[in-house]
1. Enumerate by residue number the GluC sites (Glu not before Pro) in segment 190-248 meeting two conditions: DSSP loop (anything except H, G, I, E, B), and at most 16 other Cβ atoms within 10 Å of the site's Cβ.
2. If one computes P(r) from the Cα atoms of the chain, what percent of pairs lie at distances over 29 Å?
3. Gap in Å between the Cα centre of segment 111-129 and the Cα centre of segment 217-274?
4. Counting only DSSP beta bridges with both residues in the chain, what percent are antiparallel, rounded to the nearest 5?
5. Order Asp133, Asp118, Asp355, most accessible first, counting only protein heavy atoms with a 1.4 angstrom probe.
6. By average Cβ neighbour count within 10 Å, what is the ranking of 171-180, 311-320, 288-297 from highest down?
7. Students often forget the sequence filter, so: which aspartates and glutamates lie under 13 Å Cα-Cα from Lys109 once same-chain residues fewer than 8 apart are removed?
8. With runs of 4+ DSSP H residues as the only contributors, calculate the mean residue ellipticity of the chain at 222 nm using -39,500 (n - 2.57) per run, divided by the residue total and rounded to the nearest 500.
Amino acid sequence: MLFKLTDEQIMIQSMVRDFAREVILPTAMERDKTREFPADNIKRLAELGLMGMTVPPELDGSGADAVAYVLALSEIAYACAATAVVMSVHNSIVCESILRYGTETQKEKYLRPLARGDYIGAFALTEPLAGSDPARQKASARREGGHYVLNGTKRFITTGKNSGLVIVTAKTDPSARHKGISAFIVKKGTPGLTVGRLEDKMGLCASDTTDLVFEDCRVPAEDRLGEDGQGFTIAMTALDSGRIGIAAQSVGVAQAALDASVKYAKEREQFGQLISKFQGIRWMIADMATELEAARQLMLSAAAMKDRGEHFTAQASMAKLYASEMVNRVTAKALQIHGGYGFVKEYPVERFYRDARVFTIYEGTSEIQRVVISNHILKDKRVL
Ligand code: CAA
């Protein structure tokens, strides 16, 4: 490793590893079948301080750094990727946005309970016709006296149904492009906000992904997050952190797939010997481990840059791009090593394969990460 983990980072990693493998992992396969939201897991994560990890202790958070956070998130993803995505969006996108852009009142009123895990946060940027290009979103927020009136439909919202609070973006100036977008904090139960259709997904089955529908939803002006017109910047800043989180989820799932493959290869005999003796299998395992290590280093490096207060947009995208593509290769190899058993639900690898598939898509597709990275390089922005 480029740098040495601190005692505190190692302690957090080991505490979360024990917890995740003892408490979360044993029920992950069942949860994938029943699609039951992991409410109990999230409650336990909150008790351990994992739902406000990077929020300072004076706001009821744990005050951990980004490196400790990605180590913890990887361990949760190792056990259950559906639980990890809820933790990831809540911590890196919702809590961090309010911490960075919220007023003191918003921090007291919303961040404190979020950090305690009293309710879960969601982030609503994407729309049916605006995914990779969120500047063209159509949701509107019209100012009426002391309120904004929100209208529009948001799509593919992680924890759309089971969240207690949502940060939503909408156009306050429809004639402007990204500079006409503002962000708002909206509590669930606010009249005019309803949960729309629930997606039927191939992976991350226990995490709900829904539409959120705003129909003349009145939001007090003091619940606007940041300045008028700052919503796009807030979303992009949040996604920088979120993307390191997707790298962490990828690393966790890939490690689980590698460990399962090593275990299987050391138990399964064919042609009179363990399949771990065959070079074809050994080389696959060597490639899986090497790519996983490279992704882990990119993830840690981006997180460490964030902790040092350096500009880390390109590195977050690099970590997300490489790690999410790596986990798709690694889970495919894991399935291959398991042969027919990889294709059936008795073993966990088919779940890893399905869960990993969305990592190259959500929080910015691989193609969008390449746009971000190449923009930084070609515009001669400092990358390294
Ligand atoms: N940090 C801060 N500001 C940023 C920024 C960043 N990382 N990236 C861009 N900006 C700013 C720019 O500086 C610019 O500001 P000024 O005009 O003041 O200079 C402004 O934003 C617009 O920048 P661009 O012209 O580069 O923006 P663009 O419209 O061309 O889009 C993009 C750039 C990278 C393609 C962006 O649209 C993008 O990231 N798209 C993907 C969206 C995405 O990841 N969606 C996933 C949604 S979340 C999710 O997946 C659901 C979930 O719950 C998990």
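1. On the way: sites: Glu199, Glu215, Glu222, Glu227; in loops: Glu199, Glu227.
Listed in order of number, the matching sites are Glu199, Glu227.
2. Numbers: 30045 of 73536 pairs.
Across the chain, Cα pairs with separations above 29 Å total 41 percent.
3. A separation of 16 Å, based on Cα centres.
4. Details: 30 of 35 bridges.
Expressed as a percentage, antiparallel bridges in the chain total about 85.
5. On the way: Asp133 60, Asp118 90, Asp355 10 Å².
Descending accessible area places them as Asp118, Asp133, Asp355.
6. Values: 171-180: 15.5, 311-320: 25.0, 288-297: 18.5.
Highest mean packing first, the order is 311-320, 288-297, 171-180.
7. Within the straight-line cut-off, Lys109 pairs with Asp60, Asp118, Glu222, Asp223.
8. Working: 12 runs with 172 residues, N = 384.
When only DSSP H runs of four or more count, the value is -14500 deg cm²/dmol.
The values are calculated or read from the model by the stated rules, or taken from the named source; none is laboratory data. Keep in mind that what you see is a predicted model, and the values were worked out from it rather than measured. Virtual Cβ from ideal backbone geometry, glycine too; neighbours counted across all protein chains shown. Ligands, DNA and RNA are excluded from the accessible area calculation, which covers all protein heavy atoms including side chains. Shrake-Rupley method; radii C 1.70, N 1.55, O 1.52, S 1.80 Å.
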